[in-house]
Amino acid sequence: MADKSANAMWGGRFASGPDAIMEAINASIGFDQRLAAQDIAGSRAHAAMLAAVGILTDSDAEAIREGLLTVLSEIEAGTFRFSTALEDIHMNVESRLGELIGEPAKRLHTARSRNDQVAVDFRLWVRDQCDAAEGALVALQRALLAQAEAGAEWVMPGFTHLQSAQPVTWGHHMMAYVEMLGRDRGRFADARKRMNESPLGSAALAGTSFPIDRAMTARELGFDRPMANSLDAVSDRDFALEFLGAASICAMHLSRLAEELVIWSTAQFRFVRLSDRFSTGSSIMPQKRNPDAAELVRAKTGRVFGASVALLTIMKGLPLAYSKDMQEDKEQVFDAADSLMLALAATTGMMTDLRPDPERMRAAAGAGFATATDLADWLVRAKGMPFREAHHVTGALVARAEAKGVDLPDLSLDEMRAVHEGITDDVFAVLGVDNSVRSRTSYGGTSPVRVREQIARWTEQLG
């Protein structure tokens, strides 16, 4: 009766009662099978070390090594049978190893625990993701550099508050994102450096009485050193959080660029055209080209941010050392890494195929009195006028041009002198958008000369 009552209460897929529920909530093989390569690498390093210090015989270590390679080949070929009953990737691999080589498989787990095993697996996986992000970011930087080089002199509006502010060059705008992504690469590199310590050999939480060589396994797995405290080694996930922090900032940068692509590709702007590979049509409006790839890059940011918040929440109340809560540390990291890599690939594709419209951008750059600041600066330089007074004079000239329905360069010299008699014909040399961008020669400015300097610097740096 008790079983039937339990079945009726829980129902659905858990038809066999509480045991099925416990198996479902306890198992992680549905997602941690992604750690298979890292788990096998850790086990191979551990077995080699056990043999080196005399805990395993050389023949047992060789059988384990060959057996693990067979397991890995089965997983890579898709023929490996994962079992929920075996809970996780560690037990699935160990069970299959036992089927393949028998008794020696039982000795592999000497001097380690699933706690340090999963910690090293996860660290290795996240470290690989830092490397993957680095490669993807370099590819995107190169695509942006190509756009910047092509348009180092193309004039476009620069915006503040999404209002036309001052003319800039297309190349300058592209290089802004190159700089942002360069800092993103730095964050992943910093995170990688800090996480590059090995937890293996920390065992459950207190270390082990076996005479193991943790420095050997650390070297074998490409770590700089073993972690210095066994409690810390098995219980913290700050390396994953730091990866998610770097991923979140990077995703935010991608989202900003995606937002600009969405805006620039509208009929109202028409600054750029996305290729057919990264656009879709409307099911009922044949004239539309929807920037779906850019919109999805923008949306992926929410998944990455959410992963960071989720893992922070999981970890915030855990006493040392390991708690089963930490089984929930992986799925959101996997999802965030997948989302980021997809967003990077899509953005690189969009920027590689992107077709800017220089004439359309140039026409927009001159609208909205975009060279008003150039006029104010000229009054300061040529007439020795205090900037606040120059600002006032320029504002009066903008008001006059606005009343006439023209731009500043369209005012006659007499109309300008009516506002301030000191204005001379030389003023027209600073009012065009081309003159404006050429004049911005300060370091980091939008002048084509400065933009090409930055392009050359980054091209050399990226190799």
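Could you point to the residue in THR348, HIS172, CYS250 farthest towards the positive end of the stretch 115-363's charge dipole, with +1 and -1 charges on the Cβ of Lys/Arg and Asp/Glu respectively?
It is HIS172.
In degrees, nearest 10, range 0 to 90: what is the angle between the Cα axis of helix 36-52 and the longest Cα principal axis of the chain?
Approximately 50 degrees, to the nearest 10.
Give, as ranges by residue number, the residues of the stretch 235-262 whose backbone N falls under 16 Å from the point 7 Å along Cα→Cβ of ASN290.
262
So for the chain, taking the charge dipole from beta-carbon charges (+1 Lys/Arg, -1 Asp/Glu), which of GLY463, GLN33, THR280 sits furthest toward the positive end?
So the residue we want is THR280.
Leaving out ligands and nucleic acids, note down the accessible area per residue over the chain with a 1.4 angstrom probe, in whole Å². It would help to have the intermediate numbers written out before the result.
Values: 21990 Å² over 463 residues.
That works out to 48 Å² per residue.
With labels modelled as points extended 7 Å from the Cα through the Cβ direction, what inter-label distance (nm, one decimal) is found for ARG452 paired with HIS109?
Taking the simple label geometry, ARG452 and HIS109 are separated by 6.7 nm.
Would you mind computing, in nm to one decimal, how far apart the modelled labels at PHE80 and ASP353 are, each placed 7 Å from Cα along Cα→Cβ?
It is 3.5 nm.
Please get the size of the charge dipole for the chain, origin at its Cα centre, with Cβ charges of +1 on Lys and Arg and -1 on Asp and Glu, quoted in debye to the nearest 20. Mind showing how you got there, number by number?
Values: 50 positive and 62 negative charges, 130 e Å.
Rounded to the nearest 20 debye, it is 620 debye.
Set the Förster radius R0 to 60 Å, insert the Cβ-Cβ distance between ARG400 and THR57 as r into 1/(1 + (r/R0)^6), and round the FRET efficiency to 0.05.
Working: r = 95 Å, r/R0 = 1.58.
Calculated transfer efficiency: 0.05.
Given +1 on the Cβ of Lys and Arg, -1 on the Cβ of Asp and Glu, and no further charges, what dipole in debye does the stretch 115-363 carry about its Cα centre, rounded to the nearest 20? Kindly include the intermediate steps, with their values, before the conclusion.
Values: 28 positive and 32 negative charges, 128 e Å.
That gives a dipole near 620 debye.
Which one of VAL430, ALA363, VAL155 has its Cα pushed farthest toward the positive end of the charge dipole of the chain, where Lys and Arg give +1 and Asp and Glu give -1 at the Cβ?
My answer, from the dipole projection, is VAL430.
Taking Cα atoms, how many degrees apart are the long axis of helix 238-264 and the longest axis of the chain, rounded to 10 and kept between 0 and 90?
Helix 238-264 and the main axis of the chain meet at about 40 degrees.
Just read off the accessible area of THR313 with the full protein assembly in place, 1.4 Å probe, to the nearest 10 Å².
80 Å²
So for the stretch 115-363, Kirkwood radius off the Cα pairs, Stokes-Einstein at 4 °C and 1.567 mPa s: how many µm² s⁻¹?
Answer, rounded: 64 µm²/s.
Specify the angular offset, from 0 to 90 degrees and rounded to the nearest 10, of the alpha carbon long axis of helix 331-353 from the longest principal axis of the alpha carbons in the chain.
Result, in degrees: 40.
In whole Å, how far is the Cα centre of the stretch 50-114 from that of the stretch 341-371?
Cα centroid of the stretch 50-114 versus Cα centroid of the stretch 341-371: 53 Å apart.
How large is the charge dipole for the stretch 366-431, taken about the Cα centre, if only the Cβ atoms of Lys, Arg (+1) and Asp, Glu (-1) carry charge, to the nearest 20 debye?
Working: 6 positive and 11 negative charges, 41 e Å.
Value, rounded to 20: 200 debye.
If R₀ is 45 angstrom, what is the calculated FRET efficiency for the pair ALA132 and ALA429, using the beta carbon separation as r and rounding to 0.05?
Values: r = 51 Å, r/R0 = 1.13.
Here the calculated transfer efficiency is 0.30.
Express in nm, to one decimal, how much length is gained between PHE387 and ALA363 on full extension, taking 0.36 nm for each residue of separation and deducting their alpha carbon distance. Write out the running numbers ahead of the final one.
On the way: separation 24, 0.36 × 24 = 8.64 nm, distance 2.83 nm.
Contour length minus Cα-Cα distance gives 5.8 nm.
What FRET efficiency, computed as 1/(1 + (r/R0)^6) with R0 = 30 Å and r the Cβ-Cβ distance, is obtained for GLU179 and ALA345, rounded to the nearest 0.05?
0.90
For the chain, which whole percent of the accessible surface, found with a 1.4 angstrom probe, sits on carbon and sulfur atoms? List each step's numbers first, then the result.
Details: 11620 of 21990 Å².
Taking all protein chains in place, the chain shows 53 percent carbon and sulfur surface.
Quote to one decimal, in nm, the extra length available between ARG273 and ARG417 on full extension: 0.36 nm per residue of separation minus the C-alpha distance between them. Mind showing how you got there, number by number?
Details: separation 144, 0.36 × 144 = 51.84 nm, distance 4.32 nm.
Answer, rounded to one decimal: 47.5 nm.
The values are calculated or read from the model by the stated rules, or taken from the named source; none is laboratory data. Just so you know, these numbers come straight off a predicted model, no measurement behind them. Cβ: placed from backbone, ideal geometry, glycine included. Neighbour counts: every protein chain shown. For the accessible areas, the whole protein counts, side chains as well, though only heavy atoms, and no ligand, DNA or RNA atoms are used. Shrake-Rupley method; radii C 1.70, N 1.55, O 1.52, S 1.80 Å.
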